[in-house]
Amino acid sequence: MTQVTMKNIVNLAQNRWFVYAWSEIYGWLANSWDYGPYGSLLKENVKFLWMKEFIQKRPDVMLIDCALIMNPKVWEASGHVWGFSDPLMDCKSCKARWRADKIIDNHILDTWANEPEWYAGDKTPWEVLEKYIQDEKIKCPDCKETNFTEIRRFNLMLKTHLWVTDDSSSAAYLRPETAQGQFVDFPNVLRSSRRKLPFGIAQAGKSFRNEITPGNFIFRTREFEQMEIEFFVTPWEDDEYFQVWKDNSQRYFTDIIWLKKENVRFVPIKKDELPHYSKEAWDFEYQYPFGWWEIETLANRTDYDLKAHMTHSKQDMSYFDPINNKKFIPYVIEPAMGLWRIVLAALCDAYTVDEENNRTYLKFAPKVAPIKVWVLPVVKKIGHLAKEVFAQLSEDFICEYDEVASIGKRYARMDEIWTPFCVTVDTENYENWKVTIRFRDSMQQELVDIKDLNNFVRERLK
Ligand code: GAP
């Protein structure tokens, strides 16, 4: 079996309308990406399936949508202004900038060295990281010199200025996570929805981080989308709900998005690597061509955030439990997923090489596939009939209409992005109000009444 590489994925994604280099006509801005017609649909499908699974199908999770630029005091209270930083080192020889822990990760991978017992990634005391890099004479991954600066704190928040001045009093930040919106709005949602614990507040949208080393295509970028749920529970039920959300995540990735089971795993984060706000956390990882990397972090954030906002805002963020007649700050279980990382995982998982026919295609799950039905007239001159069928189907599904080139070539185009159904319109069958539907997987064909067509496709997409 051919091993898929990032080069394969990037080429295919760019050639087949999934992801483009951003501002390409001006020479691109490194590590920024635009989603093309199929990429946008793929991304929306992944997001829609998250919404369906965790919001539509559950009575206890509500969706909100918060501002990208929040009051800067939010980020002081949450600890981001002070603590959301990475250990930055510059190579004095070639001027490349690195995260100290990533230089060590690289070194361990390249030399097969044993990971030191004390090593806890970017949570390791920075003087210890610095000493290890010096003692081991670790080289700059770019120029191979050992000539680094000392570690400096590099805040990942992307700063901007509001109002008319750009002095420090007008500083604001683009949100580095969606989650704080759910915490800040907790009293509003509680008051307006009159929910009882446990319940969740969900949000999907853009987040921004000034990453030192973005890379691996859409995996680590400075602008990306997250899908996060803050699930509020009583403090004595946190462990139970942590397990529930672990199972939910597992199901979402393997049964809904259909990532291959052998390519996903859940790994606990070591106690000394936990972020300051969390009691327990697990990373849900996918096996990308460049190794196992996180697509979701599931964390028990305790009552840290609500308490922090209560202290800073002086507003009451507590919950009154009418059953036990008690007031307390709820605990929070947080499944935090990266949408773009799931899209990349779906692309890698779908990448299929058909050696016999010398072609590659993307074998998506039908629910994830960007286009559900491809509509084509047998010959261009009956395009007006096929367009009527297209109009009927596109009431319910994202379809593509295609009348260019031979039928064989059009089938091949449709197979490339693994469109589940193809509907062919020809005059003879159309006179009897029928069309031919071709199934991508079996390549079987069937005649279907036009009036039943939408139900026919809907049933088979389930
Ligand atoms: N609210 C918790 C939080 O933001 P996180 O582990 O920092 O936790 C959650 O982020 C998810 O967001 C990650 O698992 C990852 O999938 C995605 N993510 C984080 N930084 C990213 C980046 N620079 N580029 C793309 N996705 C990113």
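Values in this text are rule-based calculations from the coordinates and carry no lab data. Given the structure is predicted, the values throughout are model-derived calculations rather than measurements. Here the Cβ is made from the backbone with ideal geometry for all residues, glycine too, and neighbour counts use every protein chain on show.
Observations on the structure shown:
- Ordering H161, H107 from the fewest to the most neighbouring beta carbons within 10 Å gives H161, H107.
- Applying 1/(1 + (r/R0)^6) with R0 = 30 Å to the Cβ-Cβ distance of H384 and L68 gives a FRET efficiency near 0.10.
- Rounded FRET efficiency, nearest 0.05, which uses the C-beta distance separating Y20 from L162 and R0 of 25 Å: 0.20
- Between the listed residues N432, F232, P198, the Cα displaced farthest toward the positive end of the dipole of the chain, a dipole computed from Cβ unit charges relative to the Cα centre, is found at N432.
- Compared with the alpha-carbon gap, the fully stretched path from F290 to K314 is longer by 4.0 nm at 0.36 nm per residue.
- Considering only chymotrypsin sites (Phe, Trp or Tyr not before Pro) in DSSP loops that have at most 14 other Cβ atoms within 10 Å, the longest stretch of the chain without any of them is 291-432.
- Disulfide-incompatible cysteines by the Cβ rule (no partner under 4.7 Å) in the chain: C66, C348, C399, C422
- Relative to the current alpha-carbon distance between E117 and S93, full extension at 0.36 nm per residue lengthens the span by 5.6 nm.
- Ellipticity estimate at 222 nm from DSSP helix runs (n ≥ 4, -39,500 (n - 2.57)) divided over the chain, nearest 500: -9000 deg cm²/dmol
- Computed P(r) (all Cα pairs; region 209-317; 10 Å bins; percent): 12, 35, 36, 14, 2
- Taking 21 Å as the straight-line reach from the Cα of K409, the lysines in range (excluding those fewer than 8 positions away in the same chain) are K363, K372, K380, K381, K387.
- Considering all different alpha carbon pairs of the chain, the Kirkwood hydrodynamic radius works out to 25.0 Å.
- Cross-link reach list, lysines versus K326, counting only Cα pairs under 19 Å and skipping chain neighbours closer than eight places: K196, K307
- Each of M51, N155, L447 was placed along the dipole of the chain (beta-carbon charges, centred on the mean Cα), and the one lying farthest toward the positive end is L447.
- Simple spin-label estimate for F48 and T149 gives 4.8 nm between the two label positions (7 Å along the Cα-to-Cβ direction from each Cα).
- For V233, V189, order by how many other beta-carbon atoms lie within 10 Å, fewest first: V189, V233
- Kirkwood Rh in Å, taken over region 85-155 so that all alpha-carbon pairs contribute: 12.0
- Between V353 and K307, the simple spin-label model (points 7 angstrom out along Cα→Cβ) gives 5.4 nm.
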